[in-house]
Every structure is written in structure tokens, then in C-alpha cells.
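Encoded as C-alpha cells, the structure appears first; notes follow it.
The values are calculated or read from the model by the stated rules, or taken from the named source; none is laboratory data. Being a predicted model, the structure only gives us computed values, none of them experimental. Neighbour counts run over all protein chains shown; Cβ positions are idealised from the backbone, glycine included.
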Amino acid sequence: MRHLSDSGARFLVAPACILAASVLFGLTTPGFLTLDNGLSIAGQVWILALLAVGQMFALTVRGFDISVGAVAALSGTLGVMAANAFGLPALLLAVPVGLACGTVNGWLVGRARFQPIVATLGTVLAVKGLALLVTGDGQAVPLEAGDTAGLAFDTVLGLPPLGWAALACILIAHLVLRHLVLGRRFLMLGSNPEAVALVGGSPWRIEMRAYQLCGAFAGLAGTLMAARAGAGLPTEGAGMELQSIAAAVIGGTALAGGRANVWAVLAGAAFVQVVLTGLNLSGVSPFFAQIAVGAVIIASGLMDRGLRLLLSRLSRTFQQKGTFQ
Amino acid sequence: MSVSDEALVATGIAKSYGATCALRDARLALRRGRVHALLGENGAGKSTLVKILVGAVTPDAGRLDLDGAPAAFGSVTQAIRAGIVPIHQHLSLFPELSVHENLSAFALAGGSGLWAGRRLVDPSRARGWLAEVGLDVDLAAPLGTLSLGERQLVEVARALSLDCRVLVLDEPTAALNAGEAERLFAVVRRLCANGAAALFISHRFDEIEALADDVTVLRDGRTVIDAAPIGRYSREELTHAMLGAGVEAGPERLSARAEPVLVGRGFAAHLDAGGGTNVTVHAGEIVGMAGLIGSGALALAAWLAGAQAGAGELSVAGQGFTPGDRRRAAGFGIAYVPPDRHIEGLFGPLSARRNVSISALGRLARLGWLSASEEMQRIDPLLRRLKLHPSRPEAEARAFSGGNQQKLLIARCLALPGLKAMVLLEPTRGVDVAARSVIHDAIREAAAAGIAVLVATSDLDELMVLAHRYLVVRDHRLAAELPQDAPRAALLSALSGSIAA
Amino acid sequence: AEPVIGVSVPNLGSSFWISVLYGVDTAAKADKAKLITLSAGGDANSSQQISQIQDLIQRKVDAIIVGATNGDAVKAIVERAVAAGIPVVGISSPPNTDKLAAMVSADHYDMGKLQAECLAKAIGGKGEVAMMAGPTGQAWSDLRAQGFRDTLAKVAPNVKIVAESRLADNRNAALTTADDWIQRFPDLSGVYSATDDMAAGVVSALKSAGKGSVKVSASNLSPTAQQMLKDGDLACTSIQQIVAQGKAALDQAIAAATKGKVDAKVVTPAVLVTPDNVGSIDLSLVVAPADYRP
Amino acid sequence: MRSKRPPAVALVCLGLFLLCCLFVPRFATIGNIENVLRVASILCIVACGQAIVIILGGIEFSFGASVALASVVTVTVLPTAGPIGGLAAGGAAAIGVGAVNGWLVGRIGLPPVIVTLGTLMMASGTAAWLAGGLPLDAPPSAIFSWPARGRALGIPVSILAAMLACVALHLLLAHGRIGRLWYHVGANPLAAQLAGIDVARVTLLGYLVAGTFCAVGAIILTSRVASGQPALAPNLAFETIAACAIGGLPLSGGRGHVLQVVFGVLTVAMFNNAVVLINLPVAWQLVLLGLAVLASVGLQKDWAALKRRAGRAAP
Ligand SMILES: Nc1ncnc2c1ncn2[C@@H]1O[C@H](COP(=O)(O)OP(=O)(O)OP(=O)(O)O)[C@@H](O)[C@H]1O
Ligand SMILES: Nc1ncnc2c1ncn2[C@@H]1O[C@H](COP(=O)(O)OP(=O)(O)OP(=O)(O)O)[C@@H](O)[C@H]1O
Ligand SMILES: [Mg+2]
Ligand SMILES: [Mg+2]
């Protein structure tokens, strides 16, 4: 029964939140509940979604990565520089850059046993500095290798090509988490870190992989950011780390590790985007919009509580407090 | 014994953790087809030796020989490949993963390869292992939905997945009751009959006598009795070897009956379970509550202590309180020892003294201000009485051995101001003979002082030496009440539900 | 029906954009246009602004006024808007594209230039100055700083720039940094500030260290800056008629939306305000009143 | 107990101080040290609040927004309530944010990350809305500027306040019943509940007291900038978390000593001061800060033990 009331419910929160927000905005904001708007939201969600999926890997091994925004900015900028030098495909070099940053985080957390928040705080500062260094004080680097606007804004079968690419990456994340041995190891490490060594795993390597994936996804988000803006933006990304954490947690990822679902995280990111777009369309004051986003994050937490309570009622057992049935 | 018989021999093993020396000069020789018992008090170094044998820890000195050839295991994976299969003291399972994944944990954690699906063991074989240890659970169920005992059996079943030459069991029975343990023993015996060697660690002499062929005793990280046939030494001699001293037997059980103190009426585990269970514990009385795993004995006991919600009415010394309201229950003087000290009991990073004084903070604080000296005066004598070892009340609780950690929980009970009743769940799980006798004495003394005591345990021996009266729980309700002098056989048949002899 | 105009600005936490918005807002009230105002919530939030402009396109507004977080970053999406038939008017830090219906530009470079001329004169053409230069990678702060540096090298080659902070972008951080500078550069004679709010932090650090003789220049003219000028704490501040620009931007947007006549480029010059002329400036063209709430 | 030995961070902090004295120009002047201490004092007061939350096993992201809200509220009510009333109202706003956090985490049981992220946005939106996005200036007044600029007993008031805050935190943690319970709840909330502790109330009080420390910091900050600033100190929460973490408080909860907070704060304040004094370009300032954070934590590690651990884990 705990199965149902705990694991299941947490992944339903984000879809339920999307539903609630859609009804609310649909009633109050003209033009919200239209196909066009749905597609527009679907075209915008991907940067946050990639960051949140990366963040999910760090959370799954009981970690945290507050450097994702800065890493995305640095890797996007370096990607653009590479593209300008070697041609458009070199934009993808952003991914190995993100991977490298993730490797540093992973080494610090996994091998040197830094607390995740300290390790990634240190890398945030250093990465921001590096981004300024490579651009000579933070100037945007226009992407001259080619026009990427079509990839970012024209829709093909409902999504922009970059959206399809991001979706493919998220599908890969799903494969990693659900179907690859590596994903199973993340869940094992998050579930019982001491036991991993006892069954023959190498905890620090697994932890390192999680941060590497997180970094690589930040690099992907950086690629997307650069392609959408047609420029490398070295100072971009402020506040994205907190948004990505919010999206991942709303998407049911357990902060205590061991539980995650990529699609739910995608839904969490979509929910954040729905709220932002809804507020944009509704024309409320930008200050109220900020208050509303805060309220909505807390509401999603309440929704989680409510759903769990409901499911445990339905399964007609008492709330468990101890360790036995 | 012939040398060719020897499967795994460890000699001169030493291992230190910083300042603590876990092993100094340990020797252990396991023989094919035989079960070898390893004895030692809490903290003697048994688990450390096990971790070295299975490649989870590298020793500072010493050598290992596997089938006569020197062996060195850099990792658990290497040891497993060599056929050394561990079952660890603290569950090395993953609550968020399914039973099936847990059974495949070795394959998932070690080695290379991409697809998780390929590494999951064949479901029909997995079900076979589960059946062998007598478990009937859904392979897809998350492990977290299983009870502690069921989880322990999953860990045993998982060991069967490996090609086993040496089976290493570190206190596998701590969470099992007699019936479950017997199934485990059958598995071990069968493996040994096929030529495997087994190492078995337990603090219970009954089990050791029932299962083991040879015995090695460890004291302070040294081997003091080396691979003796089990019959050669008496229990007293073994105890003496373990502790360097004997254990005095506790005082006789008193027969006491006075006014009811702790009363619970109409307990029901499920909203739709009809009827209800009534329990009364009187002043000065030790009630023993027994039940097989999954019988609900622990849940019922926890409910009585206010630690578990559920239907029914509770009262202590005439004052009623809501089930599940642990705070009110503690305020009325009901002390509680939870069954799993690591998860529910201990404050690992806090000092031993603070682990105990938490129940007495109301008494120790004046206007929200704690007096350190008064805390010391109140708590330290309790710790001395319970023979806390090492006697350092300011050391972190997690640095103590299991037996001593358990003493902290007992001391916490005794420190509760206005103590009227104690509800103890598995009070000596995984605790060595010396600590166990100290804890039993403390329980008897409390009862003699007029406290109502309820002990719920799957350890029948413990009940037989403590209880004035037995309550047997089956299917989440009270199945039988037996008097103090009820024979063991009667208890056993009441537990399993067969007609009492 | 009344036209709906989208306004996308980088940051409504800055007096500059508030004043711009005030201009847009008053003009909209006069012209009976409906506004949808979106703030990207910070200068470093280009992705957010791109999404917001996408939403405005989605909402099918009649025209969009864009003050860019980064001119290059919003280029593509602005061209999309134009392609979708929505005219776009750039304001102050315009999108970096030639498809704009109109551009109402503020000259940030000149704002820095004016500060340099004024500060050089105030400190007598020699000495050490420090720059509270504002955040990195933002067109407005980079251009102002560039104008200041270039001009200073020309008009007062003997003045040395000894320090530049780009991390301190609010009053508290500017205060702390200025405190540190006072220790590190005891001979400091002037401080450039990218905004008046940073200048307020600098001035308060100088005052409490008893360094009232150090000259401070700034840009923008919030009520705080007016007071500092009157008290003689600020040597000068360089401004533009940003309220007027806001009004112009809205007028152009409506003209473009209704296919009326559009002026492709509206430029209002930067102006220097000193304690002497602060009384004679028409503030209603420069700064939003203190009680204005977007 | 552990506190008998100075925490590892004390050595790091001292070493950093000596390095700065030797290599950072004009670091070791009285005026500069006072600057460092003034900045450290505000950070320290708020970090005391963060330490409580961390000991409770939680985390507080909303401090930056709640000091901003406090400053705006202060200046908004100043004309009617006067300087003291204004500062009190601002303080009350910060405490209010703490209470909301405590209620949501303690009573409702939501994760601290979600709760404090949510209140971060709400408080910061409310501050911007109240102020209309712009700083609101407070009319100059001696009383109003006293918390930041005044001196008492010859010591700057803010430094005195920080010392009092540390003493208060120490008394709470070492001698207060509630402080003891914070450790218990942080170490093992389930065990605390089974021992009869009202975990929800203890948690609520923890966030409330943390909010109170933050309120004191907010009052000094508001007085310092003499205005209501919707973006008063946006990174305050991260700086306090960094200070606590550098001080050696494990974010897993249940441990922590006031000295660790003090030395962590001093370390952070010295870093920030030193990078300005060294006067490198901004990019290098950031890189240096990042490396300094990592180095100060790295220096406290027992690398030999880590190597042993890794040695056996390798297959
Ligand atoms: N990780 C560790 N760090 C420090 N000391 C340790 C560690 N593991 C074990 N020790 C020390 O080694 C000694 C032996 O521990 P071990 O777990 O082997 O005892 P044990 O015989 O298994 O006890 P028990 O009967 O309680 O299981 C202990 O006294 C302990 O102080
Ligand atoms: N941080 C530590 N410092 C010193 N000794 C430790 C530390 N952690 C564990 N130990 C020692 O390691 C040994 C094993 O600890 P563990 O928690 O594995 O089992 P235990 O406490 O003995 O529990 P059990 O009751 O199951 O025997 C204990 O004897 C304990 O004294
Ligand atoms: Mg052991
Ligand atoms: Mg042990």
C-alpha cells in the first residue's frame, strides 16, 4: 500500500498541477486554452526541461547542483565560439564542455566528499568567471555560422526542430534512468548509499556519473539557449538553478534520493512554463506574476501532500509511522 | 582435520580505523561442508572480519588463502567471482527498488554492460530462490513495502543467486523469528551438503548449537578459540572466552499482579477489520508479547505505546489518550523502545548522554534553560548502571557498538520522568550476551519498582526468561494468553496457530 | 477596438525602465491603448525575454515595444514577430535588427561621455578614479562605461582609472565595494557610477568615511539622485528624456499598428544635470513620479 | 566535547588571514579590518539563522528576499510610524516570512527547498510591488541610521549586534531546551517523534527564530542603505549557506557549533574583501572566489582517510 500512496502519487503531482493551472488560466485568460498556445508552450519548455532532467540525476543520488545555469551559459557561449570557427555543427561542443564541468562537480562530490552545495557553489563562481574570461567581459557572441532561428521557432509536426531534439535527449535520459544499468545504479545509490559498495558497486564513480550527466544536460540546455538566441550569452542563466530544482521536485523527484521519473520531471518543467505563459498572457503586473509563481510552487507541494493523503485514504490503511506494516 | 578440507583461511588479520583497533591478530579457518560459528561480544571485530573476507575492506595486515592458494580481494566483485557470498549485518538492500532488482543487485552494481534488463535475473529462478527461503512476495513489489524480516529473507535469497563456495552470514537471524530462522538454516545446511563452507555469526547460543559444526571466538580483535568443534566447550566457557569474565544470572522472575496501568481496547489494524483486541498491563508486571513476522505483534505493541495510529482506546493509569499521539503518551509516562534502533531510535550524531536525556528534558529544563551539571547528575548514573562501554557519555552515539546503543535506548526509557509503563520492541535484537543480561536486569528492576512492562519480541528465549505472562498475536489479533509457567511447546503451537498440546 | 500593445523590458527593478514604462503608460492612457507589460526579471534573462516575446506574438498583440536584455539575443524572435505581421518598436537598448518599424534610442554611450567630461572637470583633470560600472554583458552598462573610458582618455589623459567593479550592481553591494576602495585607494578623487542607485551607495560610503571631497558622477535621475544633487553629494548625473522616449515609443507603435506614419528613428539627446541646472530641468520628461506603480 | 577543540575552519580562517596580511595590499589596516567586520557582522547575524535551519536538517533560500521585503516595509510605513516603528515593522515582516516557512515545513510537512523557494519568490515579488520596483528612500534621521552607523561602547553597533547574536545562538544551542531539540529533530526526526517530541512545533520555532535573526540583519541592512530596496541583498541566502558549509556544518543536520558559523562567516567576508583589494578584473575575481570556496573546504578534509576509502572501493 505504501507503494501506491508514496511512489505513485508523487509522479502524479505535476500532471495534476498542469491540469489545475490550465483550468484556472482557461477561465481567466482569453486565448490561453487554444491549440496555438499549447504549441507555443510546447515550443518554449525545453531549456528548463533539459536543466530539470539534469538536476534530477543529481537529486537522485541525494545531491544538488546549483551550477546548472552558469554551466549552460558557459557551454553555450563556447559552443557558439566553436561554431563560428568550425561551422554550425560545432555548436554541439557545448555538450562536452558541460560534461567537463559536471566531471569537476562529480569529482568534488563523489571522490573528495564535498557537500554538493559547497562544491557546486564553488564551481558556479569559477564557471561564471570563465565565461567572462573567454568573452572579454561578458559580451554576447553572435552566432555567425548560420541562422538557427528556424530550428528554434518554426514548427515541424507541432514542435520546433530543437524541441524534437530536446525531446530525443530527454528520451535518452529516460532510457538511462529506466533501462540502463547506470540508471539502476543511481537509484541504488540514492536508496542506500552504504549498501552499494557491499554489493560490489563503486559509489563515487556512480555519483560522478550522475553529476556528469547533469553537466551534459546543462550543456545541451546551453546549446538550445544559444541556438534560440542566435548568440552565446555568457551572463545568462541567473535563477535557472532554482527553477530547475523546483521543476524536478514538482516532478516527483525525491530529495532523499532513489525515486525519479523523467516524464514526471518533464511535466514539472511544463507546469512551470504553463504558469509563466499564463501569467504573461493574463497581463497582470510583473510583480504580481512573481508572487504568483512563488505561491504556485508552494501549492504544488500542497498538492503532493493532498494526493498522498487521498491515496492512503483510498487504500483504507492508516498512515504508517513506524518501519513495520 | 585435513588441510585440503579448508576452503578459506584468514591468518594474522589486523585492521584499524583511525585510533580504534578493530582487529589485531585474527585467525579464521572455514572448512568445506561445515558451518562455522564466529562468536564475540559487540564490537569484538566480527563484522570487520567479515567485510575483509568479502573484499569490502582491505586489511592492514594478514593473509587470506582460498582453497590453499593465496587470495587478495580488492573488491566485493572479485570476492563474489571467487565464490564468496556475503549476507551483511545491516541490510544491504535498496528499499526504493523492486524485489526483483534487489535480487539482481550484485549483477547491477558490478561489472560492465549497458542494459539493466539483461542483468536482471531470470524471474522464474528468482521466484525459486524466494520459495527456497519461504517467501511469497510479488517480484515487482518495491522492497520498501516488505517487513524487516521479509527483507532479511530477500537478502538471503539474493545470496542464492551466486555460485557459492563460501557463504558468509553476519547476524542474519537478528530480524527473524524462530520459524523464519529455521527456513534459513535449512538453506545453509543444503548448501553445505553440496560442499560449500559457511560462516555464521549470531549472539544466540541456541542457534549456534542448532546449526554450527565448529566455533571460533574473537575477543578484542584477537582469536581466542580457534576452530574448535562445537561440542568441546560449554556455553559458560564460550561466554568466558568472549568476555574474559562470566555473566552472573539475573534475579528470579517475580510474580506480581497489581492494579492495571496500561490499558488498550478495541485495537484494529485495518479500518475494515472487525472486532478488536484488548490488552491490559498491570503495575509491576512484565507482559511478553510474541508473534511471528507479519503477525502484527510489533504493531500492536507500538499502538499501545502511542507510536502507531489505529482504531481503539488507550489509557494509562486511568488517563485516556489518542492512539498515535506519542507525545501525550510520553507525557503520561509511557516509555517506548522502537524495534529498529538505527532508523527510529538513535540520534547518531548526538552524544550518548543527549540520546538519553531527551526523554527527561522537561524535568531538566527550568524556563527553557538546561543545566548541564544536572543533566550529568541525572543521566550518568543510569549509564553506569547499564555498564555503558566505553564509559564515555559525551561520545557520539553512532560510534558505540550495537549492544551499547541499545543500552542508550533503555536508559532513555528509565530517564522518563513519571515513568509508569515501558513498551519494549525487540529490546535485545543483535545484542551480545553481556549487554543482554544487563538490559534484562534493568527491565526486571523496573518491574520490581512497580512499572508496567510490555516486551514484544520474536526471541522466545528472551520472553521465557523475562515474562510473567504471555500474549500471543496472530493475524493482527490476540490469539492466546498463556501463564508464566506455560511450556515452550505450548507457546510455539499458539504462535503458529496449530491446536495447543 | 483599442489597440493592444505588448511591452517587453529587461528589468522593472531599475529606475530607468520604470521611467520608460511610465512614458509608455501615460501615452497609452491618452491614446486609449491597452498595454501588456512583461519584465524578464533581470538583465541576464534573455531566454525569459525570448519566451515572453513569443507569448506576445501568440497573444496577437497589435505592436510590440522591446527594450532588449541583449540586442543580439532577441534579434531572431523580433524578426519572427515582424514576419508574423506585428510591428516592433525598439527602445533604448534596441534589438539588433534592421526590421524594426521604429527605433527610439537612448544614447548610453553619450551618457558615459557626459559623465567623463563632468567628472574630469570636477576633479581638476588629474587624479585617480574608480568605476562602479554595473553588470557585465548588458548593452546599457557596457556602452556607458565605454563612453566614459573613451572620453576620459581624450579629455583628461592624466586621470587614471584604478579600479572597476562589475559585481556590485545594487546599492548595498556598491556601498560595500566603495568601503573597500576607500581603504585600498586612499587618494581616490572621483567615482563613476553606472546608475544613480549605485551612486547612492558610493556616496553613503564616502560620507561615513569622511571623504566628502571625492566627486561622484552618475546616470539617471530618480528622486534619490535629485536629492543628492541638491545636497551637493553628486557632481552630476547624465540623463535622457526617457519618459519622453517612452511616450514616443508608444506613439510610434500605435502608428505602426494602425498603418499610420512612422518615424523610423527618434533620438533624444543625453543631457547633463548638475546642482546648478537641476532646478530648471523638466522632470516630467525625464523621470517617473515617486508614486508611480507599474 | 567536540567544541573543546577549535573547529578545523578556525585554522583555515587564521591561515587565510595571515595570507591576506602578507599578500593583499592594504588588507591589514584598522580601517579595512573594520570594514571586513562590518560586512561580516550582518552576514553573521543572518548566518546564525541559517545555522539553526541547517541543524534542523533544512535549508533556507528566502533570506535575501525577506531582508528586501523588510527594508521596503520599513520605508513604506516610516512616514506614519517613525523610524523605530518602521524598523520594527520591517523586522516583523522578516519574522513573518520565517513563520510562514516554519508553518509550511513543520506543520504541513512540505520539503524546505520547495517552501523557501516559494516564499523567496513571493517575498521578493511583494517587495517589488510595494516599492513599485524602485528603491524608496528613507528621510535622513539619526535614529534610523544608528543600527548601521552608530557606535556603542566604542564598538560599531552592527558588530556588537553580531556578537550578541552569536552569544544568543550559543546559549540557545548549548543551554536552551529548544536548541537541544533542534539537534534531535535534525539528527533523526522519526526518533524524536517517537521519543515524544512535538517535531512540528520544534521545527516551526526553529524557522521562526531563524527569521528573527534574519530580521535583525534586515534592520541593520535597511539602516545601512537608508532605503527600501526590492533587491537589497539577492545573494544573502547563498552567502549564509556557503558560510555555514565552509564552517563545517553538515547539511544533513544534527550538528553544528556557533564557532563554526563565526569562522565560516569571517572566511567568506575576508574572501570578498580580498578580491576587491587585489583589484583583479571581474572574471578573475569570480574564478578566485570559486577556487577559494573550494580550497577552504578542501583544506579541512582528511585526505589520507579519503584515499584509504577510495582504495578499497576501487574494483
Ligand atoms: N567504520 C568504522 N570506523 C571506525 N571504527 C570502526 C568502524 N567499523 C568498526 N569499527 C571499530 O571496530 C570494532 C569492531 O567492529 P565490528 O563491527 O567488527 O564489531 P562486531 O564484532 O561485528 O560487533 P557486533 O556484535 O555489534 O556486530 C568496533 O569496536 C569499532 O570501534
Ligand atoms: N564513526 C565511528 N567511529 C567509531 N566507531 C564506529 C563509528 N561508526 C561505527 N563504529 C563502530 O562500528 C561498529 C559497527 O557498527 P555498526 O553500526 O555497523 O553495527 P553495530 O552498531 O554494532 O550494530 P549491531 O547492533 O547490529 O551489532 C560498532 O561497533 C561501532 O562501535
Ligand atoms: Mg557485527
Ligand atoms: Mg556491529
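Summary table below
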item: Condition met for A:T120 (out of contact with any Gly (no Cβ under 7 Å at 6 or more places or on another chain), within 14 Å of chain D (Cβ to nearest Cβ), under 27 Å from C:A68 (Cα atoms) and of a type in the set (S, T, Y)); result: no
item: Scope region B:27-72; condition within 14 Å of chain D (Cβ to nearest Cβ), within 16 Å of ligand 2 (Cβ to nearest atom) and of a type in the set (S, T, N, Q); matching residues; result: B:T48
item: Subset of region C:177-191 (residues that are assigned to a helix (DSSP H, G or I) and either touching a strand residue (DSSP E or B) at 6+ places or on another chain (Cβ under 8 Å) or free of Cβ contacts under 8 Å to residues at least 24 places away in the same chain (or both)); result: C:T177, C:A178, C:D180, C:W181, C:I182, C:Q183, C:R184
item: Of all residues in region B:156-174 being part of a helix (DSSP H, G or I) and at pLDDT 90 or above, the one that is farthest from ligand 2 (Cβ to nearest atom); result: B:A157
item: Members of region B:381-403 found to be within 13 Å of chain D (Cβ to nearest Cβ) and either in contact with a Ser or Thr (Cβ under 8 Å, 6 or more places away or on another chain) or within 16 Å of ligand 3 (Cβ to nearest atom) (or both), listed by number; result: B:P393, B:E394, B:A395, B:E396, B:A397, B:R398, B:A399
item: Helices (runs of 4 or more DSSP H) (entirely within region B:25-113) containing at least 1 residues that are assigned by TED's automatic domain parsing to the domain that holds B:G149 and within 14 Å of ligand 4 (Cβ to nearest atom); result: B:46-53
item: Qualifying residues in region B:433-470 (those that are among the β-branched types (V, I, T) and assigned to a strand (DSSP E or B)) - the one surrounded by the most Cβ atoms within 10 Å (Cβ to Cβ); result: B:V453
item: Filtered residue count, region B:116-134, keeping only those that are assigned to a loop (DSSP other than H, G, I, E, B) and more than 10 Å from every other protein chain (Cβ to nearest Cβ); result: 4
item: Given (1) more than 16 Å from ligand 3 (Cβ to nearest atom); (2) touching a residue at least 12 places away in the same chain (Cβ under 8 Å), index of the condition B:A69 fails; result: (2)
item: Residues being part of a helix (DSSP H, G or I) and in contact with a helix residue (DSSP H, G or I) (Cβ under 6 Å, 6 or more places away or on another chain) - total across region A:246-269; result: 12
item: Positions within region B:192-204 being among the aliphatic types (A, V, I, L, M) and surrounded by fewer than 21 Cβ atoms within 10 Å (Cβ to Cβ), in sequence order; result: B:A193
item: Complete set of residues in region C:154-172 that are surrounded by fewer than 22 Cβ atoms within 10 Å (Cβ to Cβ) and more than 7 Å from chain D (Cβ to nearest Cβ); result: C:K154, C:V155, C:A156, C:P157, C:N158, C:V159, C:K160, C:I161, C:V162, C:E164
item: Hey, B:V423 within 15 Å of ligand 2 (Cβ to nearest atom), in contact (Cβ under 8 Å) with a residue 12 or more places away in the chain and within 14 Å of B:P339 (Cα to Cα) or not; result: no
item: Which numbered condition C:I123 fails, given (1) surrounded by fewer than 24 Cβ atoms within 10 Å (Cβ to Cβ); (2) closer than 18 Å to C:D196 by Cβ; (3) not small (G, A, S); result: (2)
item: Search result, residues across region B:370-412 that are of a type in the set (A, V, I, L, M) and part of a helix (DSSP H, G or I); result: B:A372, B:M376, B:I379, B:L382, B:L383, B:A397, B:A399, B:L408, B:L409, B:I410, B:A411
item: Among the candidates C:S280, C:S222, residue that is touching an Asp or Glu at 6+ places or on another chain (Cβ under 7 Å) and polar (S, T, N, Q); result: C:S222
item: Residues of region B:135-156 that turn out to be within 19 Å of the chain's Cα centre (by Cα), free of Cβ contacts under 8 Å to residues at least 60 places away in the same chain and more than 10 Å from chain A (Cβ to nearest Cβ), as a count; result: 1
item: Whichever residue in region B:135-148 is surrounded by fewer than 23 Cβ atoms within 10 Å (Cβ to Cβ) and assigned to a helix (DSSP H, G or I) and, among such residues, is farthest from ligand 4 (Cβ to nearest atom); result: B:T145
item: Single residue of region B:73-111 satisfying the filter (more than 9 Å from every other protein chain (Cβ to nearest Cβ) and of a type in the set (A, V, I, L, M)) that is farthest from ligand 3 (Cβ to nearest atom); result: B:V99
item: Selection status of A:A238, of a type in the set (A, V, I, L, M, F, W, C), over 11 Å from the mean Cα position of the chain (by Cα) and buried (at least 24 other Cβ atoms within 10 Å of the Cβ); result: no
item: Subset tally (residues that are outside any helix (DSSP H, G or I) and facing chain A (nearest Cβ under 8 Å)) for region D:122-149; result: 1
item: In region C:207-228, the residues that are surrounded by 22 or more Cβ atoms within 10 Å (Cβ to Cβ) and either within 13 Å of chain D (Cβ to nearest Cβ) or under 18 Å from the mean Cα position of the chain (by Cα) (or both); result: C:V216, C:S217, C:A218, C:S219, C:N220, C:L221, C:S222, C:T224, C:A225, C:M228
item: Residue check, C:P135 within 14 Å of another protein chain (Cβ to nearest Cβ) and more than 30 Å from A:G150 (Cα to Cα); result: yes
item: Residue among B:D220, B:D214 that alone is of a type in the set (D, E), touching a strand residue (DSSP E or B) at 6+ places or on another chain (Cβ under 9 Å), more than 14 Å from chain A (Cβ to nearest Cβ) and within 16 Å of ligand 1 (Cβ to nearest atom); result: B:D220
item: Helices (runs of 4 or more DSSP H) wholly inside region D:199-315 that include at least 2 residues being crowded, with 24+ Cβ neighbours inside 10 Å; result: D:199-225, D:236-247, D:258-278, D:282-298
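Quick grid of which residues meet (1) over 24 Å from D:I197 (Cα atoms); (2) within 16 Å of ligand 3 (Cβ to nearest atom); (3) of a type in the set (G, A, S); (4) surrounded by fewer than 22 Cβ atoms within 10 Å (Cβ to Cβ):
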position	(1), (2), (3), (4)
B:W369	no, no, no, yes
B:I379	no, no, no, no
B:Q405	no, yes, no, no
B:P417	no, no, no, yes
B:L425	no, no, no, no
B:T428	yes, yes, no, no
B:V431	yes, yes, no, no
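Residue-wise test of (1) buried (at least 24 other Cβ atoms within 10 Å of the Cβ); (2) within 14 Å of chain B (Cβ to nearest Cβ); (3) farther than 14 Å from A:G63 by Cα; (4) in contact with a Gly (Cβ under 6 Å, 6 or more places away or on another chain).
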{"position": "A:E207", "(1), (2), (3), (4)": "yes, yes, no, yes"}
{"position": "A:G215", "(1), (2), (3), (4)": "yes, no, no, yes"}
{"position": "A:A218", "(1), (2), (3), (4)": "yes, no, yes, yes"}
{"position": "A:G252", "(1), (2), (3), (4)": "yes, yes, yes, no"}
